[in-house]
Amino acid sequence: MALTLEQLNGVSHEEAAEILDGLYEHSPWIAEATLAHRPFKSLPQIKHAMARVVAEAGREAQLALIRAHPELAGKAMVSKTLTAESTQEQSKAGLTDCTPQEFEKIQKLNADYNAKFGFPFILAVRGPRGTGLSKKEIIETFERRLDNPPDFEMAECLRNIHRIVEMRLNDKFGVEPTLGNLVWDWQEKLAQHSDPGYAEKGQLTVTYLTEAHRACAQRISHWMRDCGFDEVEIDAVGNVVGRYKAARPGAKTLMTGSHYDTVRNGGKYDGRLGIFTPMACVRELSRQGKRLPYDFEVIGFAEEEGQRYKATFLGSGALMGGFNPAWLDQKDADGVTMREAMQHAGLCIDDIPKLRRNAADYLGFVEVHIEQGPVLNEMDLPLGIVTSINGGVRYQCEIIGMASHAGTTPMDRRRDAACAVAELALFIEKRAAKDGDSVGTIGILNVPNGSINVVPGRCQFTLDLRAPTDAQRDALVADVLAQLKAICERRGVRHTVEETMRAAAAPSAPGWQQRWEKAVDTLGVPLFRMPSGAGHDAMKLHEVMPQAMLFVRGLNSGISHNPLESTTSDDMQLAVEAFQLLLDNLSNENS
Ligand SMILES: [Zn+2]
């Protein structure tokens, strides 16, 4: 018999402690302290409360918690003295069934790891889908994490412990993230399509209108039909558009979606999570025979990343009338023009202007996206409320000094272009940090034709400056450019600055942000508001209609544009549930 929250909330402290026993390995104090926060309204609330108890317990208690865990495939497993929970988890991952070589490899890793960090390696071996990592994945993760700095690795162990607890708690309460698993499985299947040159290496790359890209559109459209969408089409730029019609004709439309193209060797969730999460909602609505009082339009945008052609946000931009006909003559690396690629895909180029949406027909736009950063992961929070998509400016710059002999030019008589850029880089680091949520990066720093024995005479570099509001960004830009001028004057060097990109910040519409907040709060997940450092399709829709985004935590420090990008099916389940609540609440407002 599975437990219920009512039982946990209703019984005595001792009985409740008994119920939560065994979640944290040999550490009953965590559940004990967490019970002070009863009554609980959801499992995510319990999980977060327990993580807070551990976070506030201090370093010694945290180390003791980590050391209370057995080594992977270690002595305790061999001598069969693991706890019941650990035995089940390690055997599910096949660790009780290692070849002698695998066993030897893991023992060596255990020894190296313990020597470096002084605690055992902790990994949630049931993995992000709960079905068990392969031994290959376990060994690769072990090897990768051996390189982490000690404090970071200790935090990573604690995060894995909380993930283990999350799954043990699900087991106790008989909860399975079935919709999260559905979303997970769609992403896994879609990731089977990858462009040539990457597919062979097991890497994911899907760029605009390649064979893999067109296959993705086909599969998304078929899955949309399976979900019960009333209309599904692939439009003139390759967007996959599904509509779930309102109970009555003539209603306004809520639009949502994200992109299905990827960067080169990217992750499986960037963009796609924002297509599949609302698809799972429609599937449930259709199964229950429910209609909303508004049309619901879910769009898989064909292009956002600007990889094959220099035409970022092509998919969502086309809906705003932002498709630039000059793009059609752009050539990819193989000399294929965009026009040829579109004709080959059977897209009707003449119909592109018809894609433009009339904003008056729309209630607004919402988008779910994986965070692509470390913030939620560090805070043990599954969901984040986006307050604004950062505005940004980019510059291509050069400092021109004087190339001279590295041996004979005294330090006080140099005009070193690279040192001037280095000084600016350190200024930007401090200046952006001062705002708290601004970011500034010199991503390229290049001494053309540099030599080991020549003082750099020229240094080319880029500036990327972003902030949640245009005013904050402009203040950052003004300070950085003033500092650049001052550095150059003091050092007797010249500089050039060319602006290459400028994007306005897209603050969330307050009403829509509040709808996400209400949904997340109902789930018992603590509210956390944050700006989006990365650009998203919602930025384009922002030009004509109110928008707000919801972020989902990424694993591995939220790494993205990287094959290590990951999130759990439990977090995806929460994203689906938050979306369902937003749709329900909106129905009540509009009925
Ligand atoms: Zn994205």
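Hey, any hits in region 382-405 for a residue that's open to solvent by 40 Å² or more (accessible area, probe 1.4 Å), of a type outside the set (Phe, Trp, Tyr), closer than 29 Å to Pro546 by Cβ and modelled with pLDDT under 95?
Here is the first cut: in region 382-405, the residues open to solvent by 40 Å² or more (accessible area, probe 1.4 Å) are 387, 394, 396, 402-403, 405.
Applying the additional criterion that residues be of a type outside the set (Phe, Trp, Tyr) yields 387, 394, 396, 402-403, 405.
Then keep just the ones that are closer than 29 Å to Pro546 by Cβ; that gives 387, 394.
Cutting the leftovers down to modelled with pLDDT under 95 gives us 394.
Within region 382-405 (the criterion being open to solvent by 40 Å² or more (accessible area, probe 1.4 Å), of a type outside the set (Phe, Trp, Tyr), closer than 29 Å to Pro546 by Cβ and modelled with pLDDT under 95), the answer is yes, since at least one residue qualifies.
Is there a residue in region 280-289 that is away from the ligand (no atom under 16 Å from the Cβ), in contact with a Cys (Cβ under 6 Å, 6 or more places away or on another chain) and not hydroxyl-bearing (Ser, Thr, Tyr)?
Yes, the conditions are met somewhere in region 280-289.
Across region 538-561, which residue is nearest to Leu355 (Cα to Cα) among those that are among the β-branched types (Val, Ile, Thr) and more than 13 Å from the ligand (Cβ to nearest atom)?
Restricting attention to region 538-561, the residues satisfying the condition of being among the β-branched types (Val, Ile, Thr) are 544, 552, 559.
Still in the list and also more than 13 Å from the ligand (Cβ to nearest atom): 544, 559.
Numbers: Val544: 14, Ile559: 34 Å.
Going through the qualifying residues, I end up with Val544.
For region 190-210, state whether one or more residues are open to solvent by less than 10 Å² (accessible area, probe 1.4 Å), modelled with pLDDT of 95 or more, in contact with a Cys (Cβ under 6 Å, 6 or more places away or on another chain) and over 29 Å from Arg308 (Cβ atoms).
Checked against the condition, which is being open to solvent by less than 10 Å² (accessible area, probe 1.4 Å), modelled with pLDDT of 95 or more, in contact with a Cys (Cβ under 6 Å, 6 or more places away or on another chain) and over 29 Å from Arg308 (Cβ atoms), region 190-210 yields no hits at all.
Suppose we keep only residues that are among the aliphatic types (A, V, I, L, M), open to solvent by less than 30 Å² (accessible area, probe 1.4 Å) and not in a strand (DSSP E or B) within region 444-480. Which one would you say is farthest from Asn390 (Cα to Cα)? Spell out how you get there, then give the answer.
Start the filter on region 444-480 by keeping residues that are among the aliphatic types (A, V, I, L, M), which leaves 444-445, 447, 452, 454-455, 463, 465, 467, 471, 475-478, 480.
Narrowing further to those that are open to solvent by less than 30 Å² (accessible area, probe 1.4 Å): 455, 463, 465, 467, 476-477, 480.
Still in the list and also not in a strand (DSSP E or B): 476-477, 480.
On the way: Leu476: 13, Val477: 14, Val480: 17 Å.
Taking the candidates together, the pick is Val480.
Any residue in region 366-389 that is under 18 Å from Met255 (Cα atoms) and basic (Lys, Arg) sitting within a Cβ distance under 9 Å of a residue that is within 16 Å of the ligand (Cβ to nearest atom) and open to solvent by 10 Å² or more (accessible area, probe 1.4 Å)? List the pairs, counting only those 6 or more apart or interchain.
That search, which allows pairs on different chains as well, returns nothing.
Out of Thr277, Thr262, I need the residue that is within 16 Å of the ligand (Cβ to nearest atom), free of Cβ contacts under 8 Å to residues at least 60 places away in the same chain and either surrounded by 18 or more Cβ atoms within 10 Å (Cβ to Cβ) or not hydroxyl-bearing (Ser, Thr, Tyr) (or both). Which one? It would help to see each step written out before you state the result.
Values: Thr277 fails: free of Cβ contacts under 8 Å to residues at least 60 places away in the same chain.
The conditions single out Thr262.
I need every pair where a residue in region 495-519 that is within 14 Å of Pro531 (Cα to Cα) has its Cβ under 6 Å from the Cβ of a residue that is in a helix (DSSP H, G or I), sequence separation at least 6 or different chains.
Listed pairs, sorted by first residue: Ala504/Asp470; Ala505/Asp470; Ala506/Met539.
What helices (runs of 4 or more DSSP H), lying completely within region 507-591, carry at least 3 residues that are touching a helix residue (DSSP H, G or I) at 6+ places or on another chain (Cβ under 7 Å), over 18 Å from Pro374 (Cβ atoms) and of a type in the set (S, T, N, Q)? Outline the logic, then answer.
Values: elements: 510-522, 537-541, 569-590.
Fully inside region 507-591 and qualifying: 569-590.
What are the residue pairs meeting all of these: first residue in region 321-334, first residue open to solvent by less than 70 Å² (accessible area, probe 1.4 Å), second residue in a loop (DSSP other than H, G, I, E, B) and small (Gly, Ala, Ser), Cβ atoms under 6 Å, and 6 or more apart or on different chains?
Here the result reads Trp327/Ala311, each pair linking region 321-334 to a residue that is in a loop (DSSP other than H, G, I, E, B) and small (Gly, Ala, Ser).
Going residue by residue through region 465-486, is there one that turns out to be of a type in the set (Ser, Thr, Tyr) and touching a strand residue (DSSP E or B) at 6+ places or on another chain (Cβ under 6 Å)? Before the answer, list the steps.
Pass one, region 465-486, residues of a type in the set (Ser, Thr, Tyr): 469.
Subsequent filtering for residues that are touching a strand residue (DSSP E or B) at 6+ places or on another chain (Cβ under 6 Å) retains none.
Looking for residues that are of a type in the set (Ser, Thr, Tyr) and touching a strand residue (DSSP E or B) at 6+ places or on another chain (Cβ under 6 Å), one finds none in region 465-486, hence no.
Restricting the first residue to region 529-547 and requiring it to be closer than 19 Å to Gly321 by Cβ, which pairs with a second residue that is within 12 Å of the ligand (Cβ to nearest atom) and of a type in the set (S, T, N, Q) meet a Cβ separation below 6 Å and a spacing of at least six or different chains?
Note: pairs meeting the criteria are Asp537/Ser258; Asp537/Ser316; Lys540/Ser316.
Just the residues that are in a strand (DSSP E or B) and within 16 Å of the ligand (Cβ to nearest atom), please, taken from region 341-395.
Let us first name the residues in region 341-395 that are in a strand (DSSP E or B), namely 362-370, 383-389, 391-395.
Those that are in a strand (DSSP E or B) and within 16 Å of the ligand (Cβ to nearest atom): Phe365, Val366, Glu367, Val368, His369, Ile370, Gly384, Val386, Ile389, Gly392.
What do you reckon, is Asp412 farther than 30 Å from Leu541 by Cβ and open to solvent by less than 50 Å² (accessible area, probe 1.4 Å)? It would help to see each step written out before you state the result.
Working: farther than 30 Å from Leu541 by Cβ: yes; open to solvent by less than 50 Å² (accessible area, probe 1.4 Å): no.
Considered against the rule, which asks whether it is farther than 30 Å from Leu541 by Cβ and open to solvent by less than 50 Å² (accessible area, probe 1.4 Å), Asp412 comes out as no.
State whether the residues of region 317-327 include one that is within 16 Å of the ligand (Cβ to nearest atom), under 27 Å from Thr500 (Cβ atoms) and modelled with pLDDT under 95.
Scanning region 317-327, I find at least one residue that is within 16 Å of the ligand (Cβ to nearest atom), under 27 Å from Thr500 (Cβ atoms) and modelled with pLDDT under 95, so the answer is yes.
Quickly run through region 562-582 and pick out the residues that are crowded, with 23+ Cβ neighbours inside 10 Å, hydroxyl-bearing (Ser, Thr, Tyr) and within 16 Å of the ligand (Cβ to nearest atom).
Once the filter is applied, which keeps residues that are crowded, with 23+ Cβ neighbours inside 10 Å, hydroxyl-bearing (Ser, Thr, Tyr) and within 16 Å of the ligand (Cβ to nearest atom), region 562-582 yields only Thr567.
The values are calculated or read from the model by the stated rules, or taken from the named source; none is laboratory data. Fair warning: this is a prediction, and the values are worked out from it, not measured in the lab. Note that we place each Cβ from the backbone using ideal geometry, even for glycine, and neighbour counts take in every protein chain shown. With ligands, DNA and RNA removed, areas are computed over all heavy atoms of the protein, side chains included. Shrake-Rupley method; radii C 1.70, N 1.55, O 1.52, S 1.80 Å.
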